[in-house]
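> Please see the structure below; I have some questions.
Nothing in this text is a laboratory measurement; each read-out follows from the coordinates by a stated rule. Keep in mind it's a predicted model, so treat the numbers as computed, not measured. Cβ: placed from backbone, ideal geometry, glycine included. Neighbour counts: every protein chain shown.
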Amino acid sequence: MAKASPPARKDGGAARERARPNSSSAFELRPATHDDLRAIVGIYNWAVNQTFATIDSEPLDTEEAAAWWEAHGKRSKVLVATDETGVIGWARLLPWNQRGFDIVEDLVYVDPVHQGRGIGRALLAELIEQARGLGYRTIVATVATDNRAGLALHEKAGFEVVGTIRDAAHKFDRWMDITLVQRALER
């Protein structure tokens, strides 16, 4: 899919504008700032309460959100997609849980009003490039098996399923499986 190329930016290209063909609704990708936290948490908490996009079953409160923001660290990145209405999606890279692993995990969330515009695909593509730039060799995601859109997004980006964790979380009055997907980052 062709994407619009933005004019040269004074910020060194940190933000990237994207538009779908035959669509007037462009959006921009940029590093998140602390000012974006409220919108990020709003999108995340909607997913917690309404979807299988996350296994979390309790929304983040203000203190948890602040701690989450502070924890993203030097080798992690948080990006947002914005349009004229504000933050419409976000994505995060974070080092995977095991010490010594050269692996990073991705998270991608899009405001439900803006789904289907290529925002998740653009965010994930940018995370893949950021992970390469940070020197990671592998990117993974743990996706709720019921999250068909999340699995399809990762599959289209070249991820492969490498395993399933059965009965990993309890949400919406039932047990959920988690699918682990991965992609090598070597060029």
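> Order by neighbour count: D83, D177, fewest other Cβ atoms within 10 Å first, most last.
Numbers: D83 18, D177 15.
Arranged by neighbour count, lowest to highest, D83, D177 become D177, D83.
> Neighbouring Cβ atoms within 10 Å as the yardstick, rank K77, K171, K156 fewest first. Numbers along the way, then the final one.
Numbers: K77 21, K171 18, K156 11.
Lowest count first: K156, K171, K77.
> How would E129, E105 line up from fewest to most surrounding beta-carbon atoms within 10 angstrom? Working shown, then result.
Working: E129 11, E105 21.
Taking fewest neighbouring Cβ atoms as first place, the list is E129, E105.
> Which value, in nm² and rounded to one decimal, describes the direction-averaged projected area of the C-alpha convex hull of region 26-139? Intermediate values should be presented prior to the final figure.
Values: hull surface 29.0 nm².
Averaging across all directions leaves 7.3 nm² for the Cα convex hull.
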